[in-house]
1. Among E283, E21, E215, what is the fewest-to-most ranking by other Cβ atoms within 10 Å?
2. Using a simple charge model, +1 on the beta-carbon of Lys and Arg, -1 on the beta-carbon of Asp and Glu, nothing else, what dipole does the chain show about its Cα centre, in debye to the nearest 20?
3. Over all pairs of distinct alpha carbons, what does the Kirkwood formula give as the hydrodynamic radius of segment 91-212, in Å?
4. Could you work out [θ]222 nm for the chain from helices alone, using -39500 (n - 2.57) per DSSP H run of at least four and dividing by all its residues? Round to the nearest 500 deg cm²/dmol.
5. Considering the chain as a Gaussian network with a 10 Å cut-off on Cα pairs, which listed residue, Y38, Y246, Y225, attains the greatest mean-square fluctuation?
6. Any chance you could give the angle, 0 to 90 degrees and rounded to 10, that helix 341-352 forms with the longest Cα principal axis of the chain?
7. Place a label point 7 angstrom from the Cα of D194 along the Cα-to-Cβ direction, then list the residues of segment 128-156 whose backbone nitrogen is under 15 Å away.
8. Rounding to the nearest 10 and keeping the result within 0 to 90°, find how far the Cα-based axis of helix 368-379 lies from the longest principal axis of the chain.
Amino acid sequence: MPIPGRTGSFGNIFNARYMSEDAVAILHEWKVDSQTSYRQITSAIGGVFTPIVEPGMTLTDGTLFPAQTDGIVIYSFEASHNRGALVAGNTDSGSTTPLTLYSVDTQGVTRIAVSGGVDDVGLPIGQIDPNNLVVSDSGIVVVEATGPAGQQFVVYDGQITRVLHRFDDLNSTDPTLELHFLVGPTGAFDVSHDGRICAIVSSQNDGVGADRLIEFSDSPPRIVYEPGATAPGGLGTILRIDQARYTSNGRLVARVTRSHIGGVERDQVLTFRSNGEPYLLLEAYTDYPSFSTGALEWIELGADDSIGIYEYRSDYRIDLVTGAGLPCPADTNHDGILTPSDFSAWVAAFNAQTAACDQNGDAHCTPADFSSWVTNYTSGC
């Protein structure tokens, strides 16, 4: 498909993200002719396609995006509703085009961090990872980099660029953290709208230790969850933590695997209350890993604080959990407030054996959930 006024046409499409309610940014291959192609990012609004990132273009600071002849490759691209970000460069040894992080917004394209450069206060950025890049709903850009103090995050908030949460520095302050490397290689971390970063981090440098869920913020890092912890409801122990994301309301959500009877495993999706207590949102209802039974393979988060969960079994179903960002199990009629009518709703859920009955997070509906409902009601939301 051609772009009006341009020679050539679309080739392979690698990625697409919304940058506003009506604008989609597409990372794709641009075929100049049968022998020549390169990667660019094009916006699509109402069927009108306009290149917004391409080799040789002028950046906001007056410098040029590397030309096609420089061996430029756009490795990754992510976007929120008001800012996009990309990593471009060339990882070949001896290349004169280093890996560079760029921001895209209504002002244009800005170069904000370069492998081997320094941030706004002179800290070394190190080597940018071309794959691990996220953009929050509020437009905060975070990319992984490896510097002289181990792995670290490079953060851009629209005004300044900072190197934050350098692993070796954090370990020297608190050796119990044992921060060694992000578990990935892609999707190893996420950033909330207020700048918190959640990451799955190996606790041993040789890669055989437990992979723990850590949250980084302006305060010292905290261990949110780790293998060996008791699963919600007291059913088994946590074996692995595989994915962590923030909902649109800033609630941390994780996909984990717990032990089960006879050595088999069960996958769960958890969120965490303000006191750090895990709360079960969904569990694979059948045993893993049989092909015809359930395993929760992936989670995607919606703007309305809902969670779509891909469940791997014979019918490849998608489960949708709504309102997951603010778990309030005692609100069984889902009207957003706690009133005596919630007790009637819980009785109805108990009789119907539906999910709202489960108040103690053990994935079952039993008389014990009545006592848990009373506790949850008394505790409030």
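Quick note: the coordinates plus some simple rules give every number you see, no bench work behind them. Please read these numbers as outputs of a predicted model, since none were measured by experiment. Here the Cβ is made from the backbone with ideal geometry for all residues, glycine too, and neighbour counts use every protein chain on show.
1. E21, E215, E283
2. Charge dipole, the chain, about its Cα centre: 420 debye, nearest 20.
3. Taking every pair of different Cα atoms in segment 91-212, averaging 1/r and inverting gives 15.0 Å.
4. Helix-only estimate at 222 nm: -2500 deg cm²/dmol.
5. Judging by the Gaussian network model, the answer is Y38.
6. Rounded to the nearest ten degrees, it is 80.
7. 137-138
8. Here the helix axis deviates by roughly 60 degrees.
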